[in-house]
Amino acid sequence: MNPCFKHRVPTISLYLDLVFAASLTMLFACGTVSAESLQENDKSSSESEWDENYEISHLEPIFISDGSAVPVEPSGILDSAVSELHYHPIIELQSRGLPDGQADIVVRGSVLENTGIKLGAVTLFDPQTGHYTAELPIDPMMLGTPDVLTGTQNAIYGFNANVATINYDWLPVSDRRALEFGVGTDGFLSQKVQFGQVFPLAGVSDLGVELSLFKASGDGTRNNGDFDFERASGRVQRFSPTSQTDLVLGYQDKFYGWPGAYTGFASLPETDQPISSLYLANHLEKHQHGHTEIGVYHRQVDDDYDFDRTTAESGVPGAFDHVTKTSAIGIGGKHQLSDVAINYQLQYTSDELTESTDLTSGPFVSRDYLAVRIAPEKSWQLDDSQSVDVLVGLGYDGSNRDSSA
């Protein structure tokens, strides 16, 4: 999550519940009752009813700054980042069978190809199809709460996403030991191991090491709805009050079946097995006038899709097997110059379709992209509660396969 922006997704029902619960907690904890509102409505009646033995207290105002309905911990079969998005109020998760198997991320009013996923300074990209954009081989406990960037924020900090970008920041490593087992109906079985350790360094810096192993399998809730998921992810982190560096490795192998998953014909017992790997480095530096973040990653997706699991079609034309590789480097941030702030983002991306049973010809088996954004911003404070912000931006999008814009 970019430090310049905060999550603003109002959820009225949760907001009211929190205010009501907080009010009751303060009422019973203090053991006093505020008669200020009663005095304003009927001072004479209030003064006659209150006994002098009661002490009148003036409670401090309660402010709720975040009404997000996104759960702190994911609650899905695979325990993936997609599990969190399933409950986000402005995201439509279009799943095929179980959301953790395959799901398209749609922000209301768009389509799946209009949404990107950003980790730190870089946006992930899948050149073959947007269906595999959400393949994150990372334990979601390493990531912060997802922030949906739209409008000007998406225009500045997004890449190849016309409507929205799901933005994640990297959480600081914490001391953690966890061993989890799960059993359920339809042959469900899951195991998870988590390890985290923080080592103090000289000065104010810490070195963190984190490892997560996860496996889940089951027969599914219907015939040919079985699944088998495996994930391993780890990272090394150097953290201080003004900087954070993360080195991340992730591997994930997912097999799942679901009749009519892509074709829509329930008579076809389809299967899909995307195997993804991610190598990523990210550095965040905070300074007196703002912050700068730089990241680099290499991602590979090896997918084997079969529209009929009863036939031996893997590896032949019509089997829809493909391998894609993507590498990118990005830098972005915000810098305050006197009374004007400069927002900026740059990302260079290179992708290649290295293997495919069908998509083997044409100039788009590889492509390079360059996206540059710069947006000066100025604010005028009208009074204690009102301000006017003006932001003007310039952008450049270039590719070796298309015209620049």
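The values are calculated or read from the model by the stated rules, or taken from the named source; none is laboratory data. Note that the structure is predicted; figures quoted are calculated from it, not measured. Don't worry about glycine lacking a Cβ; one is built from the backbone with ideal geometry, like all the others, and counts go over all protein chains shown.
For the reader, a short list of remarks on this structure follows.
- Scanning the range 134-164 for residues that are of a type in the set (Ser, Thr, Tyr) and buried (at least 22 other Cβ atoms within 10 Å of the Cβ) returns a single hit, Tyr157.
- Criterion: crowded, with 22+ Cβ neighbours inside 10 Å, in the same structural domain as Ser338 (by TED's automatic domain parsing) and not in a strand (DSSP E or B) - qualifying residue of Ala266, Ala261: Ala261
- Any chance Val204 is aliphatic (A, V, I, L, M), touching a Ser or Thr at 6+ places or on another chain (Cβ under 7 Å), over 30 Å from Asp358 (Cβ atoms) and at pLDDT below 90: yes
- Entry remark, the range 75-114: residues being within 15 Å of Val148 (Cα to Cα), surrounded by fewer than 19 Cβ atoms within 10 Å (Cβ to Cβ), in contact with a helix residue (DSSP H, G or I) (Cβ under 7 Å, 6 or more places away or on another chain) and at pLDDT below 80 number 1 in total.
- Answer from Val193, Val204, Val198 - the residue that is farther than 21 Å from Ala81 by Cβ, in a strand (DSSP E or B) and of a type in the set (Val, Ile, Thr): Val198
- Whichever residue in the range 220-247 is charged (D, E, K, R) and surrounded by fewer than 16 Cβ atoms within 10 Å (Cβ to Cβ) and, among such residues, is modelled with the highest pLDDT: Asp228
- Taking the range 329-366 as the range and being in a strand (DSSP E or B) and touching a His at 6+ places or on another chain (Cβ under 8 Å) as the test, the residues that pass are Gly333, Lys334, His335, Gln336, Leu337, Ala341, Ile342, Tyr344, Leu353, Glu355, Ser356.
- Output for the range 351-366, where each listed residue is closer than 24 Å to Lys118 by Cα and either surrounded by 18 or more Cβ atoms within 10 Å (Cβ to Cβ) or free of Cβ contacts under 8 Å to residues at least 24 places away in the same chain (or both): Asp351, Leu353, Val365, Ser366
Residues are listed down the side, and each one gets a yes or a no for (1) in a strand (DSSP E or B); (2) at pLDDT 90 or above; (3) within 19 Å of the chain's Cα centre (by Cα); (4) closer than 16 Å to Asp246 by Cα:
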{"position": "Leu278", "(1), (2), (3), (4)": "yes, yes, yes, yes"}
{"position": "His283", "(1), (2), (3), (4)": "yes, yes, yes, yes"}
{"position": "Lys286", "(1), (2), (3), (4)": "yes, yes, no, yes"}
{"position": "Gly295", "(1), (2), (3), (4)": "yes, yes, yes, yes"}
{"position": "Thr311", "(1), (2), (3), (4)": "no, no, no, no"}
